[in-house]
Amino acid sequence: MSAVAEERNARAPWALTAPALMLFIGVLLIPLAMTVMLSFHDWGQYKGIEPVFILKNWREIATDPYYAEMFWRTFRIAILTTLLTALLGAPEAYILNRMSGRWKSFFLLVILGPLLISVVARTLGWALLFGGNNGLVNKLLMSLGVIHSPIPFMFTETGMVVALAHVMMPFMVLSVWAALQRLDPQIENAAMSLGAGPITIIRRIIMPQIMPGVLSGAIIVFSLSASAFATPAIIGGRRLKVAATLAYDEFLNTLNWPLGAAVATLLLIALVLIVIGSNALIERRYAEVFR
Amino acid sequence: MRRNGPLALIFHTIFVIVMVAPILVVCLVAFTPDGFLSLPTNGFSLRWFRAIGNYPEFIQAFWVSLGLGALSSLVALLFAVPAALAIARYRFRGRDALAALFLSPLMIPHVVLGIAFLRFFTSTGLGGSFAALIIAHVIIVFPFALRLTLAAATGMDRTVEMAAVSLGANGWTLFRRVTLPLILPGVISGWALAFIQSFDDLTMTVFLAAPGTETLPVRMFLYIQDNIDPLVTSVSACVIAVTLTALILLDRFYGLDRVLAGKGDPGR
Amino acid sequence: MAYLELDRVAKQFGAQTVVDDFSLSVGKGEFISFLGPSGCGKTTTLQMIAGFLDPTRGAIRLEGKDLTAIHPAKRGLGIVFQSYALFPHMSAAENVAFGLEMRGVPRADRAERVRAALAMVGLAGYEDRHPRRMSGGQQQRVALARALVIKPSVLLLDEPLSNLDAKLREEMQIELRQIQRTIGTTTILVTHDQNEAMSLSDRIVVMSQGRIEQIGTPQETYEKPASAFVSQFLGKTNDFAGSIDRTATPPRLVAGSWSAPAPAGLNGAITVSIRPERIGFGEAGLSAKIVTRIFQGNHWLFQCESECGPAIVIRQNDGTAQPAEGEAVRLAWRPEDMSVRARASA
Ligand SMILES: Nc1ncnc2c1ncn2[C@@H]1O[C@H](COP(=O)(O)OP(=O)(O)O)[C@@H](O)[C@H]1O
Ligand SMILES: [Mg+2]
């Protein structure tokens with residue numbers, strides 16, 4: 001092993017990775033390629049899937065405003081969710097970071113733990129809290145005088161964004177938290193000794209340094225929200241469709257697999273482009289912070 | 001470092017309450033004595049936990065999920081451990097590309113994976129089978145298994161292995177007696193995290209599961225689609241309990257912060 | 001005949017040559033040190049002997065047999081690493097037993113030999129202790145016992161003592177020397193500490209930038225350094241520019257106002273190397289002024305400004321009066337205490 005194999009057998013790393021590589025080619029790359037192929041096939045109510053090469057599905061997505069509307073809704077929800085998590089998650093990470101040892105690890109656990117708890121269970125919790133027009137959330141908001149008449153949460157984009165933000169929040173907190181760990185603990189004292197007040201310190205010293213963390217958290221939250229299925233399906237029901245739930249319906253209810261495959265392919269391509277593009281932008285913009 | 005001011009603490013309190021509320025409300029409603037959704041105001045009751053017994057499909061789905069999680073995580077490790085060792089120790093052409101490929105299931109939306117696997121398995125005649133579920137889950141949990149194993153293998157003191165070689169150990173003996181014990185905490189944590197991911201997955205599995213191979217999240221999801229009643233909250237409470245057990249296990253073996261840090265950035 | 005032989009061994013990492021033209025014959029039972037500054041290729045050479053790296057060129061032979069063809073697991077060499085590299089999941093006894101187990105030594109024999117090995121390094125009674133619960137010195141001893149219990153043909157030590165504090169290091173040096181003498185194992189020690197190399201070895205291989213500068217006994221390398229590098233590396237030394245005048249009869253060597261009969265062979269510009277403790281204050285010799293005088297317990301250290309540049313003088317503290325700072329002195333030494341090298345004249 002170690003240097004021995006390194007020198008004696010240049011094939012060792014390939015021998016070790018070959019099983020996994022084969023697995024990934026066989027049951028990941030090939031199925032993905034088949035899906036892309038599927039999006040070019042024809043489909044009819046009675047004839048089923050016809051293995052031909054046509055652009056019918058892609059043309060339908062491009063021309064029917066229903067799909068534009070649906071994709072726009074998907075990304076709108078993802079963007080709002082991302083903003084909400086950034087606006088709330090970043091300050092919370094900062095507050096957490098300033099707590100003393102015991103409390104810090106306790107609350108970190110409380111906030112990050114849900115990451116590992118079933119999404120179905122968490123979304124169910126929101127469905128219970130929203131629960132019609134006199135759900136707990138509405139009752140609480142009205143008794144606090146924040147609102148005067150109940151807001152509909154179930155089957156609305158508002159409800160989806162709230163529940164999604166809750167599901168995604170740990171990713172944002174974690175990402176900002178990681179950026180805060182790289183901060184010099186004395187940096188605030190240094191700024192204070194130079195006469196900066198608390199607001200100035202946050203705006204001029206802390207914010208610029210945790211921005212890469214916020215942004216990389218935002219990319220994660222955005223891509224996961226845009227492709228989320230469980231939360232939109234449970235909160236949005238059958239009425240309010242996003243890309244993932246639409247693809248699901250095409251596959252398991254309408255049985256128009258080629259069209260569903262086209263929706264999925266488009267979602268995949270859009271997300272990959274957005275993620276890679278913004279990663280590159282962030283890295284260029286913050287090259288000196290990442291080092 | 002300065003302390004948090006009162007405003008910060010108020011913000012923090014509300015934040016934590018909101019984070020915990022949905023999970024807490026599920027667990028509380030599960031104990032309701034009423035026949036409808038309500039918070040237990042007059043006494044706790046286990047009737048909805050007992051009621052699970054009358055729904056064999058939930059029980060069966062639980063066993064499917066448990067077996068699927070345990071098996072697919074194990075299989076994923078069988079592939080991931082050698083791959084992690086290779087990536088940790090060798091600088092070879094294509095190394096970065098391989099690592100990116102192995103982590104790619106984190107980047108690909110699960111709905112796309114679900115569709116791809118559905119297409120693949122129906123055309124290979126495996127559609128709806130438990131074997132198909134295992135293979136699909138191996139792929140989605142692989143990155144988690146790989147990452148934790150990789151971290152352990154990278155952090156390992158390699159002179160320890162050299163010492164073992166100089167004493168005559170080699171090949172399988174070297175791996176079994178020295179390498180594996182040294183990376184074991186990472187491997188076990190990788191298994192646990194992979195298990196949780198598999199146990200929780202809905203988005204991909206909902207495309208693949210057929211009656212008989214429905215997992216618990218799929219069963220719960222289909223049930224919620226029709227109606228939400230206290231039964232599904234008691235099932236959820238059980239799921240949360242299983243996850244918490246795995247969490248505690250993880251914390252023991254590895255430290256939860258390190259595990260979560262590994263989960264935090266799917267992109268890289 | 002040589003027991004272990006390195007024949008023009010070289011090692012390249014890519015374009016970088018890390019060890020070059022390394023030839024050495026080690027006799028059976030000998031204690032050899034590789035001495036040189038960090039990064040000069042000592043570990044690389046040791047790892048080639050151990051088999052963790054393959055030489056780019058050259059041969060390594062043990063009792064005349066080519067070692068490079070043998071897998072490191074089959075070479076039967078004992079190695080102690082700087083980090084000790086103990087198996088953290090095994091007790092001290094299990095660590096020591098590992099090599100025996102790999103050799104298929106029966107369980108009963110094993111227990112006996114493990115106990116003896118641990119006793120030899122002074123760890124009787126620590127059999128069940130795990131490495132994490134042992135001090136650095138104790139871990140070091142376990143590592144040594146583990147390497148020795150397999151009766152290695154050669155014992156390789158890579159900076160084994162560098163993680164210990166000064167006092168413990170000295171104790172371990174003495175102990176290591178005694179153990180090696182008792183069991184007579186051929187030993188190669190890698191170190192950057194000249195005192196360690198001097199006090200332990202039969203011969204020292206001084207290395208610099210991947211090449212051998214000198215091979216010799218500790219005394220030879222200290223007193224007759226073959227190069228400026230060796231004389232500088234092995235403790236403090238004074239280098240004075242001088243010249244040899246062969247026109248005089250008899251020919252004389254001159255360094256400032258100091259002179260002596262010229263040694264054979266050299267001519268023209270030379271460098272005179274003389275250890276600080278071999279210089280005395282006398283009536284005649286190099287004229288100098290004392291800049292600082294430092295008391296160091298058993299000796300005095302003088303920094304002087306001489307006509308041939310700065311000079312260091314060490315005098316034993318034998319109770320006699322010593323010159324004060326600012327005093328003018330004459331520096332003198334016996335011709336046989338100095339070493340003379342040709343100097344590229346400026
Ligand atoms: N695997 C390697 N790849 C490239 N360069 C190396 C490798 N190992 C060591 N080197 C280089 O070889 C030189 C000698 O290293 P080493 O033998 O460890 O020195 P020493 O033990 O004398 O301190 C150093 O410059 C080091 O950077
Ligand atoms: Mg070294």
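The values are calculated or read from the model by the stated rules, or taken from the named source; none is laboratory data. These figures come from a predicted structure and were not determined experimentally. Positions of Cβ are backbone-derived with ideal geometry, glycine not excepted, and every protein chain shown enters the neighbour counts. These accessible areas exclude ligands, DNA and RNA; they are computed on the full protein's heavy atoms, side chains included. Shrake-Rupley method; radii C 1.70, N 1.55, O 1.52, S 1.80 Å.
Below is a table of values for the structure above.
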| quantity | calculated |
| --- | --- |
| Residue match in the range B:202-215 (condition: under 12 Å from the mean Cα position of the chain (by Cα) and within 11 Å of another protein chain (Cβ to nearest Cβ)) | yes |
| Selection from the range C:240-260 of residues that are surrounded by fewer than 19 Cβ atoms within 10 Å (Cβ to Cβ), under 31 Å from the mean Cα position of the chain (by Cα) and not hydrophobic (A, V, I, L, M, F, W, C) | none |
| Filtered residues of the range C:1-20 (kept if within 13 Å of ligand 2 (Cβ to nearest atom) and away from chain A (no Cβ under 14 Å)) | C:VAL19 |
| Subset tally (residues that are near ligand 1 (Cβ under 8 Å from one of its atoms) and farther than 20 Å from A:ALA10 by Cα) for the range C:45-56 | 2 |
| Some residue of the range C:179-191 being more than 14 Å from every other protein chain (Cβ to nearest Cβ), out of contact with any Leu (no Cβ under 9 Å at 6 or more places or on another chain) and within 16 Å of ligand 1 (Cβ to nearest atom) | no |
| Condition broken by C:VAL18, with the remaining ones in (1) away from ligand 1 (no atom under 12 Å from the Cβ); (2) part of a strand (DSSP E or B) satisfied | (1) |
| Candidate set from the range C:180-197 (those that are out of contact with any Asp or Glu (no Cβ under 8 Å at 6 or more places or on another chain) and crowded, with 19+ Cβ neighbours inside 10 Å); member that is farthest from C:LEU144 (Cα to Cα) | C:GLN194 |
| Those residues of the range A:153-185 which are within 15 Å of B:VAL20 (Cα to Cα) and away from chain B (no Cβ under 11 Å), in sequence order | A:LEU164, A:MET168 |
| Index of the failed condition, C:GLY319 passing every other in (1) farther than 20 Å from C:ASP193 by Cβ; (2) open to solvent by less than 50 Å² (accessible area, probe 1.4 Å) | (2) |
| Residue among C:GLU196, C:GLU175 that alone is touching a Lys or Arg at 6+ places or on another chain (Cβ under 9 Å), more than 14 Å from chain B (Cβ to nearest Cβ), part of a helix (DSSP H, G or I) and within 15 Å of ligand 1 (Cβ to nearest atom) | C:GLU196 |
| Matching residues in the range C:261-305 - criterion: being assigned to a strand (DSSP E or B), among the aliphatic types (A, V, I, L, M) and surrounded by fewer than 18 Cβ atoms within 10 Å (Cβ to Cβ) | C:ALA269, C:VAL291, C:ILE294, C:LEU301 |
| Test: residue in the range B:11-23 that is open to solvent by 80 Å² or more (accessible area, probe 1.4 Å), assigned to a helix (DSSP H, G or I) and within 20 Å of A:VAL110 (Cβ to Cβ) | yes |
| Subset of the range B:46-98 [of a type in the set (Lys, Arg), assigned to a helix (DSSP H, G or I) and open to solvent by 30 Å² or more (accessible area, probe 1.4 Å)] | B:ARG47, B:ARG50, B:ARG95 |
| Residues of the range C:75-111 satisfying the condition of being part of a helix (DSSP H, G or I) and either among the basic types (Lys, Arg) or at the interface with chain B (Cβ under 8 Å from one of its Cβ atoms) (or both) | C:PHE98, C:GLY99, C:MET102, C:ARG107, C:ARG110 |
| Enumeration of residues in the range C:21-50 that are part of a loop (DSSP other than H, G, I, E, B) and within 16 Å of ligand 2 (Cβ to nearest atom) | C:GLY36, C:PRO37, C:SER38, C:GLY39, C:CYS40, C:GLY41 |
| Some residue of the range C:51-66 being open to solvent by less than 50 Å² (accessible area, probe 1.4 Å), within 13 Å of ligand 2 (Cβ to nearest atom) and either farther than 24 Å from C:LEU148 by Cβ or without any contact (Cβ under 8 Å) to a residue 60 or more places away in the chain (or both) | yes |
| Any chance A:ILE220 is within 11 Å of chain B (Cβ to nearest Cβ), in contact (Cβ under 8 Å) with a residue 40 or more places away in the chain, assigned to a helix (DSSP H, G or I) and within 25 Å of B:VAL18 (Cα to Cα) | yes |
| Any hit, the range B:139-158, residues being within 10 Å of chain A (Cβ to nearest Cβ), of a type in the set (A, V, I, L, M, F, W, C) and open to solvent by 30 Å² or more (accessible area, probe 1.4 Å) | no |
| Test: residue in the range C:154-171 that is of a type in the set (S, T, N, Q) and within 30 Å of C:CYS308 (Cα to Cα) | no |
| Entirely in the range A:1-91, the helices (runs of 4 or more DSSP H) that have 2 or more residues that are within 7 Å of chain B (Cβ to nearest Cβ) and surrounded by 12 or more Cβ atoms within 10 Å (Cβ to Cβ) | A:2-8, A:12-24, A:30-38 |
| Residue match in the range C:192-205 (condition: within 16 Å of ligand 2 (Cβ to nearest atom), under 20 Å from C:GLY29 (Cα atoms) and aliphatic (A, V, I, L, M)) | yes |
| All positions within the range B:92-119 that are at the interface with chain A (Cβ under 7 Å from one of its Cβ atoms) and more than 24 Å from B:LEU150 (Cα to Cα) | B:VAL111, B:VAL112, B:ILE115, B:ALA116, B:PHE117, B:LEU118, B:ARG119 |
| Candidates B:LEU182, B:LEU167, B:LEU174 - the one that is in contact (Cβ under 8 Å) with a residue 24 or more places away in the chain and open to solvent by less than 50 Å² (accessible area, probe 1.4 Å) | B:LEU182 |
| Any hit, the range C:87-104, residues being within 16 Å of ligand 2 (Cβ to nearest atom) and open to solvent by less than 10 Å² (accessible area, probe 1.4 Å) | no |
| Identity of the residue in the range A:242-291, among the charged types (D, E, K, R) and part of a helix (DSSP H, G or I), that ends up farthest from the other protein chains (Cβ to nearest Cβ) | A:GLU288 |
| Looking only at the range C:133-169, and only at residues there that are in a helix (DSSP H, G or I) and out of contact with any Leu (no Cβ under 9 Å at 6 or more places or on another chain), the one that is nearest to ligand 1 (Cβ to nearest atom) | C:ALA166 |
| Near pairs, Cβ below 8 angstrom, 6+ apart or cross-chain, from the range C:28-42 (of a type in the set (Asp, Glu)) to any residue that is more than 9 Å from ligand 2 (Cβ to nearest atom) and open to solvent by less than 10 Å² (accessible area, probe 1.4 Å) | C:GLU30/C:THR186; C:GLU30/C:THR187 |
